[in-house]
1. So if each residue of separation counts as 0.36 nm, and I subtract the Cα-Cα distance between residue 247 and residue 180, what length gain in nm does that give?
2. Report the relative contact order of the stretch 60-135, percent, no decimals, based on alpha-carbon pairs under 8 angstrom and at least 6 residues apart.
3. Put a dot 7 Å past each Cα toward the Cβ at residue 104 and residue 216; how far apart are the dots in nm?
4. Could you estimate the translational diffusion coefficient of the stretch 262-356 from the Stokes-Einstein equation, with Rh from the Kirkwood formula over C-alpha pairs, at 37 °C and 0.692 mPa s, in whole µm²/s?
5. Given the C-alpha atoms of the stretch 93-175, compute the convex hull and give its volume per residue in Å³.
6. Run the simple label-point estimate for residue 316 and residue 304 please: 7 Å along Cα→C-beta, distance reported in nm.
7. What is the gain in length, in nm to one decimal, between residue 95 and residue 147 on full extension, counting 0.36 nm per residue of separation less the C-alpha to C-alpha distance?
8. Under a crude label model (7 Å from the Cα following the beta-carbon direction), how far is residue 165 from residue 51 in nanometres?
């Protein structure tokens, strides 16, 4: 094992073993007795095992003591020294109407309902008192998974005898939950808080504004240094903010130097510390609906409606996992694997995309720097090759 300014470098087990045997090779075999079955050989192997184990323990501790690589409870302990705490999971809550024996009571936590499709469980967080019509309304909280965006089919999993039915039509999302902050998300937040705000650097402005857009892919900045057609002292910021126009324009003002002129399709008046009111403008990126058209060959014994539904679900899951930022073109070949992975699809005959309902289908959909692509299952047109 070597530790220097470049970090830690572990030696392999075989390298360690070879080095130790080489040191003993200077002695005659009859004096030391080094061979496959000898006591000395077994001792050397045991020593190497102990050394490798110790080195791995040291490497693990070095990893956990570094804020850039620490994980789990070690990461929590390190970041707590700068008053940073991991965001805890927030369970999803639904308001449900329950039908049961009129005038009776159900204690909190006695009713468990299950989503038939996902097997997620929910329990009542407070006691329920059935009225004269045998109805009671209460809040149900997710039991195992915190983030449950949609509930499809609810049925009683466990409940007292006086509970008859959970009314699914009454289901309302009260609080959309979220899972515990992951190590990667926690580390990204640590970086954002640790970095100081700078008003002069082009990259610093983008980095600071990206916190309000969900990533650098959704913010762009042009000035006279990047575009000769833009006047000196003028900046053109294009973004898809996750906050209001007022909040985003205020952030633009706070992250740029005084005397800058702003251009764009969205303008908000911002008050400076001296009381002066300034007009801050930026280009608010517009969504573009992307349409997908595919012709497939269906396997014998499969119904097109169920296969189509699964294809649309696979494509939407794929697009949700990707980041389609400003000016990111969409190519039809991206969706080949999503379609062919669906059970019941024997082959893909054709696949095209287009950027709007009135456009022509082609192999790609061009998205300008002022736009971003968005996808909807209703915009996926599927046909079967007969």
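Laboratory data are not the source of any read-out in this text; all were calculated from the coordinates shown. What you are looking at is a predicted structure, and each value in this text was computed from that prediction instead of being measured. When we count neighbours, we look across all protein chains shown, and the Cβ atoms used for this are built from the backbone with ideal geometry, even at glycine.
1. Working: separation 67, 0.36 × 67 = 24.12 nm, distance 2.71 nm.
Length gained, residue 247 through residue 180: 21.4 nm.
2. On the way: 73 pairs, mean separation 18.9, N = 76.
Worked out over the stretch 60-135, it gives 25 percent.
3. Label-label distance for residue 216 and residue 104, simple model: 6.2 nm.
4. Values: Rh = 16.6 Å.
The calculation lands on 197 µm²/s.
5. 76
6. In this crude spin-label approximation the distance works out to 2.1 nm.
7. Working: separation 52, 0.36 × 52 = 18.72 nm, distance 1.56 nm.
In short, 17.2 nm is gained.
8. Distance between the two pseudo-spin positions: 7.5 nm.
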